[in-house]
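Comments concern the structure below.
The values are calculated or read from the model by the stated rules, or taken from the named source; none is laboratory data. Please read these numbers as outputs of a predicted model, since none were measured by experiment. Note that we place each Cβ from the backbone using ideal geometry, even for glycine, and neighbour counts take in every protein chain shown. SASA here: full protein model, heavy atoms, side chains in, ligands and nucleic acids out. Shrake-Rupley method; radii C 1.70, N 1.55, O 1.52, S 1.80 Å.
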Amino acid sequence: MSKFLDIILSTQFFYSIFRVTTPILFASMGAVVANTAGVPNIGIEGIMLIAAFTGVFVSAATQSAAIGLLGAALSGILLAGLLAFFTLYYRTNPILGGIAINSLASGGTIFLLYLFTGDKGSATSVASKVVSEINILIIRDIPVIGEIISGHNILTYLSLLSVVFVYVLIKKTPLGHHLRAVGESKNAAESVGINVNRVKLIALLISGLLAGLGGAFMSMGYVSTFSRDMVSGRGWIAIAAEAMGKTNPIATAVTSLLFGASDAISNAAAAVGWASDLVRTIPYIATIIGLLIFSARELKKARL
Amino acid sequence: MGNIIEAAIPLIFSGLAMSVVFQASLFNMGAEGIFFFSAAVISFIAIWAPLPHGIHQTTIIVAGALVGAIIMSIIGILKAKFGASELVSSLMMNNVLLGVGSYLMTKYLRDPMASQGSYPYAKTALFSSIVPGTRIHLGLIIALIVTGLVYVFIYRTKWGYEIRMVGQNKSFAEYSGINVVKVIMISHIVSGLISGMGGAVESIAMHKRFEWSMLPGFGFDGALIAMLANNNPLGVIFSSLFVAYLRTGADIVARLSDVPTELVTILQSLVILLISAERFLHSYKQRWIERGIGNE
């Protein structure tokens, strides 16, 4: 127990919270953008997986982490586009469409992984690139804080910037007003001449871009390879974080950080040798409890 | 042919479990985790309980069904009482069940003598083949009986009617005096009973020990099957056979060539996308209707 406390009180632990929050934060910002326009993006989990896969293989083929990252982001946008095509133009139920996208990503990545490497488990044999870590001048020299905040992966800083980006996008730009108008009342937005489907399409594509960056971090930062179903529920945790943050970017970022912390605790508990099968469930249990508390509060408010 | 039928048995269970919740427009993917977890729990009974043949299997199946019902009712309470999204909580629950099930496996069930899997189940706990030369087992009969029961439940009982009403229009059902909380709970519990039973039957008939190390994927197959059958229990039998046919075919293809079985998962996803697309072939349908009118 004391060893566990030592770990979770160390600066490395707080450093690791930012690290494990990165994919959740990106994905939850994606969920915020989509939900602002009133289209739930249930396919986030699958988009992250495809992006993680693309990142590894494109960076290996081009020997450039930047191009790999670009490829991952593009693949996220493409898959979101596929979901958008079906839900917006073919009127597929968005939830079933999302479920289909997720299982398409899960099966598709294993299929391609096997074709490329002859292995169905992971792509360790592929020499892929990772996105590098950077130290921030001045801050890195501050004791404690420097150790926590400096030296992260570029994508981690980018994920924090994505919160600002989404906040500004939604609250300050004309496109953001359109997104909110469409999400608030589709018919009213249509009556003032907003092309509802186009706005929803843009929302889903941005959401795909953000989720794609989150997926890229999984295979090009968090670890340096791709393995099957490696996103393991982070997309869904992000969706829960978005629901608890009530589609507000700042509140959603805070809840993402909470889920990231529970993820980091589960890693720390596994590191001291507690039954790893059990402690691995901590983030998921935290998500269920978080969802429960949030929903109960909402329901109470609705009844007043 | 025997292969297809034996592969279809667990799919019938998961398809039925999904169709019950889908009838109420609840998107619950919990069947996935329950298949895994109920198989893990019944392993304790199947390995160590000294029961006579017949009673042993019955106990196992009842226990599996109860495990499923308990887990589903947790998700049901979260949805019905607190309004928590059943999709998110059931998916999180799947991961929790995977963790707890794996813990039970490594801590208590793992057979040190075997390369993988638990201790073998007791002889009295197993289902044997009922058709010589195949592995088709008693589970088929159970699956067919359950299908009949679910059909009667959905289309011939008051509770089934209420489930369908809630599925079609929740607000309308609520205004006309249907207790939506109760309906959500019932549909979750029934779905849990069926998927728990499915996990138990599959493991005592086909595996003869607990050997899953990851979620078996029946839940997602069940979603596709229920949709193909338009959530009709009788249709579930045929769509299960169809998916089992795809699966068996993919296994053969994988054995004979280099095409991995995941091709089926890709196909299934595309089928889901296309089936749930209301507007797919819409213009074709429109033209067909217009031509019909023109001919009159």
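Quick notes on this one:
- Heavy-atom accessible area per residue - segment B:111-192, 1.4 Å, Å²: 56 Å²
- Here the accessible area is traced with a 1.4 Å probe on the protein chains. For the protein assembly as shown, carbon and sulfur cover 66 percent of it.
- Dipole moment magnitude, nearest 20 debye, chain A about Cα centre, only Lys, Arg, Asp, Glu C-beta charged: 760 debye
- Cα Rg over Rh - segment A:239-284, Kirkwood: 1.13
- Mean shadow area of the protein assembly as shown over all directions, Cα convex hull, nm²: 32.7 nm²
- On full extension, the segment bounded by B:Ile55 and B:Leu267 gains 72.2 nm, given 0.36 nm per residue less the C-alpha separation.
- Extension gain, B:Ile141 back to B:Met214 (0.36 nm per residue minus Cα-Cα distance, nm): 23.5 nm
- Partner aspartates and glutamates for B:Lys182 [C-alpha distance under 18 Å; skip if fewer than 8 residues away on the same chain]: B:Glu86, B:Glu162, B:Glu174
- Potential extension, A:Lys301-A:Ser64 segment - 0.36 nm per residue separation minus Cα distance: 80.2 nm
- For A:Leu258, the accessible area of its heavy atoms, probed at 1.4 Å with every protein chain present, is near 110 square angstrom.
- Trypsin sites (Lys or Arg not before Pro) lying in DSSP loop within segment B:193-296, provided at most 10 other Cβ fall within 10 Å: none
- B:His137 long-range amide H proximity, modeled H, under 5 Å: B:Ile130
- Two-decimal Rg to Rh for chain B - Kirkwood Rh, Cα set: 1.01
- Sequence-ordered 3J(HN,Hα) estimates for segment A:230-244 from the Karplus curve with 6.51, -1.76 and 1.60 and θ = phi - 60° stand at 6, 6, 5, x, 5, x, 6, 4, 4, 5, 5, 4, 5, 5, 6 Hz, glycine and proline given as x.
- The HN-Hα couplings worked out from phi for segment B:88-93 by the Karplus form 6.51 cos²θ - 1.76 cosθ + 1.60 (θ = phi - 60°) are 5, 5, 6, 5, 5, 4 Hz, whole numbers, x standing for Gly and Pro.
- Euclidean distance of C-alpha centroids, segment A:102-134 and segment B:222-239, integer Å: 33 Å
- Relative contact order computed over segment A:66-128 (Cα-Cα under 8 Å; 6+ residues apart), in percent: 16 percent
- Rg in Å to one decimal, and Dmax rounded to a whole Å, for segment B:183-261 via C-alpha atoms: 14.8, 48
- Spin-label model, A:Ser191/B:Lys285: points 7 Å from Cα along the beta carbon direction are separated by 3.0 nm.
- Calculated FRET efficiency, A:Ser224 to A:Arg91, Cβ-Cβ distance, R0 = 35 Å: about 0.25 to the nearest 0.05.
- Label point 7 Å beyond Cα of A:Asn135 along Cβ direction - residues of segment A:10-25 with amide nitrogen under 16 Å: none
- Solvent exposure of chain A as accessible area per residue, Å², 1.4 Å probe: 42 Å²
- Over 32 Å between alpha carbons, listed pairs A:Lys129/A:Lys246; A:Lys3/A:Lys120; A:Lys200/A:Lys301; A:Lys171/A:Lys300; B:Lys81/B:Lys158: A:Lys129/A:Lys246; A:Lys3/A:Lys120
- In segment A:1-111, the ratio of gyration radius to Kirkwood radius, Rg to Rh, stands at 1.10 when only Cα atoms are counted.
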